[in-house]
1. Can you spot a residue in segment 141-148 that is touching a Phe, Trp or Tyr at 6+ places or on another chain (Cβ under 9 Å), modelled with pLDDT of 90 or more and either surrounded by fewer than 18 Cβ atoms within 10 Å (Cβ to Cβ) or aliphatic (A, V, I, L, M) (or both)?
2. Mind listing whichever residues of segment 143-174 are in a helix (DSSP H, G or I), out of contact with any Cys (no Cβ under 7 Å at 6 or more places or on another chain), touching a residue at least 60 places away in the same chain (Cβ under 8 Å) and not aliphatic (A, V, I, L, M)?
3. For Ile88, state whether it is among the β-branched types (Val, Ile, Thr) and touching a Cys at 6+ places or on another chain (Cβ under 8 Å).
4. Would you mind finding the one in Val72, Val76, Val127, Val62 that is among the β-branched types (Val, Ile, Thr) and closer than 18 Å to Leu195 by Cβ?
5. Any idea which residue in segment 93-106 is surrounded by the most Cβ atoms within 10 Å (Cβ to Cβ), counting only those that are small (Gly, Ala, Ser) and over 11 Å from Arg193 (Cα atoms)?
Amino acid sequence: MPEQWKFDARGPIRRDDGIQARSKRGTIAQTWWSQRFIEVLESFGMGGRLQRGKNYARSGQVFNLTLSTSVVVGLVQGSRPEPYRARIGIKAFSSQQWAHIERELAGQALYAAKLLAGEMPTGLEQVFADLGLELFPTTMRELTMDCSCPDWEIPCKHLAATCYLLAESFDEDPFQILAWRGRGREELLDRLRTLRGTQQVTAEVATDEDPLADHLHDFWTSPAPAGTPEVPAADALVLDELEPLPLTVGGTPVTDLLRPAYRAFTG
């Protein structure tokens, strides 16, 4: 019997420093976005191989998992002393494609707000689809997989274990999916903040509800000079409405002396 199968018959070498899946039974992926990724893997009906990969993920056989643009690498301890290197590749979106994606996300306040709050909006896939892009792989042809193990089947249990733990990392941080596609968390959020600020200023200037919109043509002109306030005319008849003043000048009541002056003002 070949040496490789002798090692396999013993089962994997246990590690104390492995990454153990949080889920101990049933489905590993918990959120809708990580489940979408696992659906692709499980759609091929490779039940026994995938189940062994799930067992590897739960028992901590994967002891290192790194994600960078386009590539995820897992180091998986199998039955041989030297760990296997499992790689999962996906095509990253171009800078131009990301520019279109960011404009679309910034233009939809709900999506932008959820992403800025660290959440994955449920309609995010549709934003990509409207641009002719797919956020999640839909077929195995969109993924490049290879493993240093002697198993020629793809995915092998080492790749499957890496995929399951990758899905759990998506549960913890949905921005990992976007980083895999070529846009890191901070870079994306900075772009959204910038675009949202630009769009908000533009919208505020252009809105018809702006109270200054009807006055932009004369905003910088000098205001019309204020006219002389109108003083109500003094009416001599008002003297007759007053109580008689107990004053006289040379024997003439003061009211009679003021009457000619009131007539002059109203004349």
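1. yes
2. Lys157, Thr162, Cys163, Tyr164, Glu168, Ser169, Phe170, Asp171, listed by residue number.
3. yes
4. Only one candidate passes the filter, namely Val127.
5. The selected residue is Ala99.
The values are calculated or read from the model by the stated rules, or taken from the named source; none is laboratory data. All of these numbers come straight from a predicted model, not from anything done at the bench. So basically every Cβ, Gly included, is an ideal-geometry build from the backbone, and we count neighbours across all protein chains shown.
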